[in-house]
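Student: Here you go, one structure.
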Amino acid sequence: MRDDWNKEIPQFWIDNGLNEETLPRYYLYLSIVVYIFLILSTANYIFTWWTRKNLAPLKRLGEEPLTKIEQYSQNCRLGQEPAMNFISSALITNDRAYIVIRCILAFSSLFLTVSANEGVRSIFLGAYYPLALIMTIYVNFNRELIIEGFGNKAQFLNKLLSWLLTIQVQLRLFICISWWTQWLGICRYRDMARAAELSRALLFTKEFSPPLFLLVEILWFDSMFKFAGVWHIIFAGNLVGAGMLNDGVPEPPQAMLYMPERPAPSVIQATIFVFGMIFIQFFLSTICLLKIWIFKKLPVIGDRMRNRQNCIAIFTKRQALNKFMGAAAMEKRKTTTNGAYKNFGRRSTLRRSTVEQAR
């Protein structure tokens, strides 16, 4: 615990064993855990990147089976979400409704971030929905990319979106749950800090909108949260945790914890934050697997999901094939397919099949 922090600890926390003698030790243990997680997550990024880089061409194209380690490394790869959902939606579902819902989520998320006075970090961490809208519109107006694959800029944006999806959903959901339950019933309301005084209506919207966004993301957009993706939230969450321990700046999402003024409850809240984010990732991954199992049992929805998964598999193979093609071959393919696929997927496959059956 830093010397310049206010050490006037309420009697409630002293009675619970958190005093000037024990708090520095608890903060030291917490710092060790945070930096161990950061080292492990960084090592995982390097190891999985190296494994994917050395994959044989046939394994990248899915023509040869992968080992367990190679499968794990592929699951850790960024860029699998969310563009795959955009592409499969453009081919299988009503993409106009898709774009409208993306617009609603983007503007709602942006409004909540700005109106709630959430700092620079939260604007970046909450940028997923506005950027997802941009990617959706980009794919909608450049449908030949569904066949050609993405270029370097679109791939970078997709990887950034994939990373933001993995961390911002858990962060928003964690903030809601921690405030609903008063940090799992451990903290008093007076020990909980907010960045600014907000109206009740805005607080209600801020706390209940993120779970609704999550439901739309999982159920409508078929976004997947994988167990291997826990390393993304471990890295991002503990990077935030390290910042809280080092400077104690009360800027969101750090506004959840105000260590300079509340060192005793903050050490408990920070511990819940570090491990709670991991638990939420595993919980969401389990929910996604359960959703797929249920959806595949349903007649119409099951067909739609299988079609989407086939589209994703085709696009993934096409994207991998681009890395082995020369610039001349790539340009030739784009020239010949650009016009043919300009309107690709403009009409929903399910809607077209329904009309044909009616005829």
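The values are calculated or read from the model by the stated rules, or taken from the named source; none is laboratory data. It should be emphasised that the depicted structure is a prediction, and the values quoted were computed from it without experimental measurement. Don't worry about glycine lacking a Cβ; one is built from the backbone with ideal geometry, like all the others, and counts go over all protein chains shown. The accessibility values were calculated without ligands, DNA or RNA, using every heavy atom of the protein model including side chains. Shrake-Rupley method; radii C 1.70, N 1.55, O 1.52, S 1.80 Å.
Student: Taking residue 203, is it modelled with pLDDT of 85 or more, open to solvent by 10 Å² or more (accessible area, probe 1.4 Å), part of a helix (DSSP H, G or I) and under 23 Å from residue 108 (Cβ atoms)?
Tutor: Taking the combined requirement at face value, the residue does not satisfy it.
Student: Can you name every residue in the range 109-125 that is modelled with pLDDT of 75 or more and surrounded by 16 or more Cβ atoms within 10 Å (Cβ to Cβ)?
Tutor: Listed by number, the residues that qualify are 109, 110, 112, 113.
Student: Is the range 341-358 home to any residue that is open to solvent by 60 Å² or more (accessible area, probe 1.4 Å) and either modelled with pLDDT of 65 or more or of a type in the set (Asp, Glu) (or both)?
Tutor: yes
Student: Scan the range 297-313 and report the pairs whose first residue is assigned to a helix (DSSP H, G or I) and whose second residue is open to solvent by 50 Å² or more (accessible area, probe 1.4 Å) and modelled with pLDDT of 70 or more, with Cβ atoms within less than 9 Å and a gap of 6+ or a chain change.
Tutor: 301/294; 302/296; 305/296; 305/298; 306/296; 313/62
Student: Quickly run through the range 266-279 and pick out the residues that are at pLDDT 85 or above and either over 14 Å from the mean Cα position of the chain (by Cα) or open to solvent by less than 10 Å² (accessible area, probe 1.4 Å) (or both).
Tutor: First, the residues of the range 266-279 that are at pLDDT 85 or above: 267-279.
Answer for the range 266-279, where residues must be at pLDDT 85 or above and either over 14 Å from the mean Cα position of the chain (by Cα) or open to solvent by less than 10 Å² (accessible area, probe 1.4 Å) (or both): 267, 268, 269, 270, 271, 272, 273, 274, 275, 276, 277, 279.
Student: Mind checking whether some residue in the range 171-187 is outside any helix (DSSP H, G or I) and in contact with a helix residue (DSSP H, G or I) (Cβ under 8 Å, 6 or more places away or on another chain)?
Tutor: Scanning the range 171-187, I find at least one residue that is outside any helix (DSSP H, G or I) and in contact with a helix residue (DSSP H, G or I) (Cβ under 8 Å, 6 or more places away or on another chain), so the answer is yes.
Student: Right, next: Report, by residue number, each residue of the range 280-293 that is open to solvent by less than 30 Å² (accessible area, probe 1.4 Å) and under 14 Å from the mean Cα position of the chain (by Cα).
Tutor: Of everything in the range 280-293, those that are open to solvent by less than 30 Å² (accessible area, probe 1.4 Å) and under 14 Å from the mean Cα position of the chain (by Cα) turn out to be 280, 281, 284, 285, 288.
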